[in-house]
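What follows is one structure encoded as structure tokens, with my remarks underneath.
The values are calculated or read from the model by the stated rules, or taken from the named source; none is laboratory data. Everything quoted here is computed from the prediction, not taken from an experiment. As a convention, Cβ positions derive from the backbone with ideal geometry for all residues, glycine included, and neighbour counts pool all protein chains shown.
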Amino acid sequence: MNLYAIRAIYRFEMARTFRTLMQSIASPVISTSLYFVVFGSAIGSRMVAIDGISYGAFIIPGLIMLSLLNESISNASFGIYMPKYSGTIYEVLSAPLSYVEIVIGYVGAAATKSVMLGLIMLVTARLFIPFEIVHPVWMVTFLVLTAVTFSLFGFIIGIWADGFEKLQIIPMMIVTPLTFLGGSFYSIDMLPPFWQKVTLFNPVVYLVSGFRWAFYGVADVSLFASVGMTLVFLLLCMLGVRWIFRTGYRLKN
């Protein structure tokens, strides 16, 4: 394992984040804070509790998960797309590095940024809405596991994309709608029976539900289902990355 090369890629990607703090950190934190103010403090104070949890506190895991998914995909996809766009990816591919080391460097940096952002949002939410974390270890586990999984997914998107506009298609057209429809702002038990069954085909439901369970000990689906779905998607992303480097898809041609 070439730790020096991994560290070089990781530090380069992290340095880019700190050069663009307003775009990388401040912007998503401010945007999510507006959700906390509007839906949590203003509207939430007028709504009934869900499963014994105030509405403002109930939506915190969903809002953090929404930002975590989008930022993980965005960080990883942009991180690998820029070397493709500038042509420096060929220097990385010609270096004495395995694809595993390349992925660890890029995905590790993207996941680190996303976890940092998630923790900052957690602290920010505390300023507006009181809440407790019943299972802090599981909360961190879900945070890290989701960040790594969707950073891998973003890495695949960054290699697939052949233009800047394509970097935003999947996050905007697929991931964000699935997150909004995945129980971020409501419990799926509030839906009619038919739509409850339909919603279970949304993979984001399992992420949001597991993350909310770590906060309050209540969930729409079982903890094992949440962990299992996350690990399955992680495995699929790993297989996808392995296939890309084995075939050289949009890297060597």
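Checked against (1) surrounded by 14 or more Cβ atoms within 10 Å (Cβ to Cβ); (2) assigned to a helix (DSSP H, G or I); (3) of a type in the set (Val, Ile, Thr), Ile133 passes all but condition (2). Phe194: free of Cβ contacts under 8 Å to residues at least 40 places away in the same chain and over 23 Å from Phe39 (Cα atoms), yes or no? For Phe194, the condition - free of Cβ contacts under 8 Å to residues at least 40 places away in the same chain and over 23 Å from Phe39 (Cα atoms) - is met.
Would you mind stating whether Val221 is within 15 Å of the chain's Cα centre (by Cα) and modelled with pLDDT of 90 or more? Judged against the criteria, Val221 is not a match. Here segment 218-253 is the region considered, the condition is being β-branched (Val, Ile, Thr) and under 26 Å from Met139 (Cα atoms), and the residue that is surrounded by the fewest Cβ atoms within 10 Å (Cβ to Cβ) is Val232. Restricting Ile6, Ile53 to residues that are crowded, with 19+ Cβ neighbours inside 10 Å, touching a Phe, Trp or Tyr at 6+ places or on another chain (Cβ under 8 Å) and of a type in the set (Val, Ile, Thr) narrows the list to Ile53.
Would you be able to tell me the number of residues in segment 176-189 that are surrounded by fewer than 24 Cβ atoms within 10 Å (Cβ to Cβ), touching a residue at least 24 places away in the same chain (Cβ under 8 Å) and either part of a helix (DSSP H, G or I) or on the phi > 0 side of the Ramachandran plot (or both)? Count: 5.
Under the condition of being more than 11 Å from the chain's Cα centre (by Cα) and not hydrophobic (A, V, I, L, M, F, W, C), the residues counted in segment 50-72 number 7.
Residues in segment 1-23 that are in contact with a helix residue (DSSP H, G or I) (Cβ under 7 Å, 6 or more places away or on another chain) and part of a helix (DSSP H, G or I): Ala5, Ile6, Ile9, Tyr10, Glu13, Met14, Thr17.
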